[in-house]
Amino acid sequence: MQNSYNNFDNVFLNIKEEFEKQNQLFLKTSKNKKPKSFLVSIFPFVFGPFLALLYKCGILQKLFYSNICLRWFFDFKKFWVGYLGNRNIDVYDFHFLRNFYRVKFQNVALDNAQEKNPEKFLASWQTQGNIFYLFQSVWNYSKKAYLDCWLFAKFIKKNNHILEYGCSIASITQGLTRYFGFKNLKFTIADIPQISFLYARWKLMANRRVESIVINPSQRDNLPKDVKYNVIVCLTVFEHLPNPTEVIESFLNHLANEGILVFDYIKSEAGGLNSIAGERERAEVLKIIEKNFKILKGKIDFENSMGLTIARITNNKQQITNN
């Protein structure tokens, strides 16, 4: 890691070196991964509905804002201080840095040249301002991890293989491993090499059921050729991609029979880190989904932003064509 200044509000990372170092840690820890006991895995599921009730009543949020529930922070601190070697922080420092990097994030944006150049595209996601994504994702996940995965958990069957694509801190995988361990699920998390994904890989490294894929934006298909997934989760991703049509085609080829796609799609004007291709190819992506999937929750909307949508791939899968 390359740090400068006071190593507090001016943290600079060599992302390539960090991922190479982490790859070596994966090799060392993979042989020592141990499954959770059945009782440990099922207890959060039993306790989960109570958390949902607290959230619905607004009590859970107050517990977090009052710094009464701090497990999320201590997990983050182990990464930020213990793993990356940054200065010690408390919870108030966390929120200061979250807002500090939010200011820097306002100046981060893609342009057409960056989008077409894989190296420049990666660089735009690896700037200092994008550290905000890590802080904001951790904070959002802390308050509603159970609810996010519960919204579509009923569509997930025992022993399913789940891909969380463009996962950031892998909030869905974290939630499912924590609250639905009794389903004996297998996970693959995938994203480009950026700090939020570095955190996700670090946090899930010891889980024997989780694998990771580092996405290379210059490749058409980053998924293993012969692997099929029962569920693919792609949330707050399509609008950022430089190649959304290629990605949905890849999903079609990698979903098992009756596989489930969980997605959303923001209607944007390609501002900030929302890509021009994400805006330009939105209709084509939705046409492909409309043609090859049955919508189970939500609906296809060509005119407006789409929230959580769940679709099942049809059995009579056909070759995708861009027409």
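For the stretch 134-158, a residue qualifies if it is farther than 26 Å from residue 68 by Cβ and of a type outside the set (A, V, I, L, M), and the qualifying residues are 152, 154, 155, 157, 158. Look at (1) among the β-branched types (Val, Ile, Thr); (2) over 30 Å from residue 100 (Cβ atoms); (3) buried (at least 23 other Cβ atoms within 10 Å of the Cβ) and you find that residue 156 fails only one, number (3). From the list 196, 250, 171, 218, which one is surrounded by fewer than 21 Cβ atoms within 10 Å (Cβ to Cβ) and touching a helix residue (DSSP H, G or I) at 6+ places or on another chain (Cβ under 9 Å)? One residue alone meets the criteria, 218. Taken over the stretch 58-112, residues that are more than 24 Å from residue 124 (Cα to Cα) and hydrophobic (A, V, I, L, M, F, W, C) amount to 13.
Residue 144 meets each of the listed conditions (1) in contact (Cβ under 8 Å) with a residue 40 or more places away in the chain; (2) outside any helix (DSSP H, G or I); (3) buried (at least 17 other Cβ atoms within 10 Å of the Cβ) apart from (2). Of the numbered criteria (1) modelled with pLDDT of 75 or more; (2) surrounded by 12 or more Cβ atoms within 10 Å (Cβ to Cβ), the one residue 26 fails is (1).
Considering the stretch 81-99, and only residues there that are part of a loop (DSSP other than H, G, I, E, B) and touching a residue at least 60 places away in the same chain (Cβ under 8 Å), the residue that is surrounded by the fewest Cβ atoms within 10 Å (Cβ to Cβ) turns out to be 85.
Restricting 266, 276, 248 to residues that are within 20 Å of residue 231 (Cβ to Cβ) and touching a residue at least 40 places away in the same chain (Cβ under 8 Å) narrows the list to 248.
The values are calculated or read from the model by the stated rules, or taken from the named source; none is laboratory data. Since we're looking at a predicted model, the values are computed, not measured. Quick reminder, even Gly has a Cβ in these numbers, built from the backbone with ideal geometry, and neighbours come from all protein chains shown.
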